[in-house]
Amino acid sequence: MPVKFKDYYEILGVSRTASADEIKKAYRKLARQCHPDVNKSPGAEARFKEVNEANEVLCDAEKRKRYDALGANWRGGQEFTPPQGWENFDFGRAQQAGAGGRAFHFGNMGGGGDFSDFFESLFGGAMGGAGRGSAFRYQQQAPYGMGEEVEEPGGADQEAAISVTLEDVARGATKNISLAHDEFDRRGEPRRTVKTYDVKIPAGATEGTRIRLAGQGAAGPRGGPAGHLYLTLHIAPHPLYRLNGHDLELDLPLAPWEAALGGKVPVPTVDGNVTMTIPAGTQSGQRLRLRGKGLPKPGGRGAGDLYAVLKIVVPSHLSAKERALLEELAHTSTFAPRPW
């Protein structure tokens, strides 16, 4: 059935040799001028649809190539019948966002999403059934924020676990890590790649703290936004300290005479040694607290506490004098360690 030929180059006001950037600039200018939300004059909406249709063809390399194959001798408004065999051409690839743009959907145009008979005679199936009565989608930026954006598929969020030291979370640190994950190439096919990150470990982080690296997850297919990367912190075992939230605990060995007589002994903390007073008669297993000597809390809210668990230890080898003194203590002391 004959239809009226449309000169898409003439509609956008560009030459047939115009570059993709020239077409994009011409389209944006015209789309802003004719958009129904901006231009209330009669015929603005029809002109807007026409401009969108021209852009739909010329911004897509496959569609433009096929359109140009019709030749340069046609004029707008002439009677036109698609060449024989045209309907058998496969425009499946045109359904992808080959122009690398982002799709936008104008929902305020009433029935304005329809393509012309000319467009449908050439590309009727190319938009996955987007012909008469369906919403018009195009592959360029919506003019000046008008229209509702339809997001391309986003990349997947990714999870990873990293090991840090207690000193890292006590003072804050920057860790350099490398992670393998999938990215998408231009055809939307996944490929394995390794990325390196500089990760800031905040002072006061605890076991299981999750750090989000926005936009550092898997890349989105067809130019969609990347996902996020979530890192879960695991604090490596420490030779001295046991961790309980922001509190620390360590075993503090005492000689029998230190526990019996009391005194002052050095205690290691994450900020250096401090002196702790041991009360006379201290028992093994007793816990003494050093307030504020644990891990810092986020936001400058102070710090946890350090608990010293007292462990009375005895020498494994005695000198002759030590043995003599202990034997004398055993004979003279009235202390009964067992109640039975």
(message) Show me the trypsin sites (Lys or Arg not before Pro) within the stretch 277-326 that DSSP assigns to loop and that have at most 16 other Cβ atoms within 10 Å of their Cβ.
(response) ARG291, ARG301
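Give the residue list of trypsin sites (Lys or Arg not before Pro) in the stretch 1-47 that are DSSP loop and have at most 15 other beta-carbon atoms within 10 angstrom. Walk me through the numbers on the way to the answer.
On the way: sites: LYS4, LYS6, ARG16, LYS24, LYS25, ARG28, LYS29, ARG32, LYS40, ARG47; in loops: LYS6, ARG16, LYS40.
Here the trypsin sites (Lys or Arg not before Pro) that fit, given the DSSP loop and packing criteria, are ARG16, LYS40.
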(request) Quote to one decimal, in nm, the extra length available between ASP7 and LEU325 on full extension: 0.36 nm per residue of separation minus the C-alpha distance between them. (result) 103.2 nm
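So what is the relative contact order for the stretch 242-332, in percent, with contacts set as C-alpha pairs under 8 Å and at least six apart?
Values: 154 pairs, mean separation 29.2, N = 91.
Averaging sequence separation for qualifying contacts and normalising by length gives 32 percent for the stretch 242-332.
For a 24 Å ceiling on Cα separation, which of these pairs sit above it: LYS24/LYS195; LYS4/LYS65; LYS29/LYS49? If you can, show how the numbers build up before the last one.
Details: LYS24/LYS195 34 Å; LYS4/LYS65 20 Å; LYS29/LYS49 14 Å.
Those over the limit are LYS24/LYS195.
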(request) Go ahead and run the numbers for FRET between ALA180 and ALA214, Cβ-Cβ distance against an R0 of 22 Å, rounding to 0.05. (result) 0.65
(request) Treating cross-link reach as a plain straight distance, find the lysines whose alpha-carbon is under 17 Å from the alpha-carbon of LYS311, omitting any fewer than eight places away in the same chain. (result) LYS264
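Determine one quarter of the surface area of the Cα convex hull of the stretch 244-316, which equals its mean projected area, and express it in nm² to one decimal. Can you show the working numbers first?
Numbers: hull surface 20.4 nm².
That works out to 5.1 nm², a quarter of the Cα hull's surface.
Bear in mind that the values in this text are calculations on the coordinates, not laboratory data. Owing to the predicted nature of the structure, the values given are computational and were not obtained by experimental measurement. Counting neighbours? That spans all protein chains shown, and the Cβs are built from the backbone with ideal geometry, glycine included.
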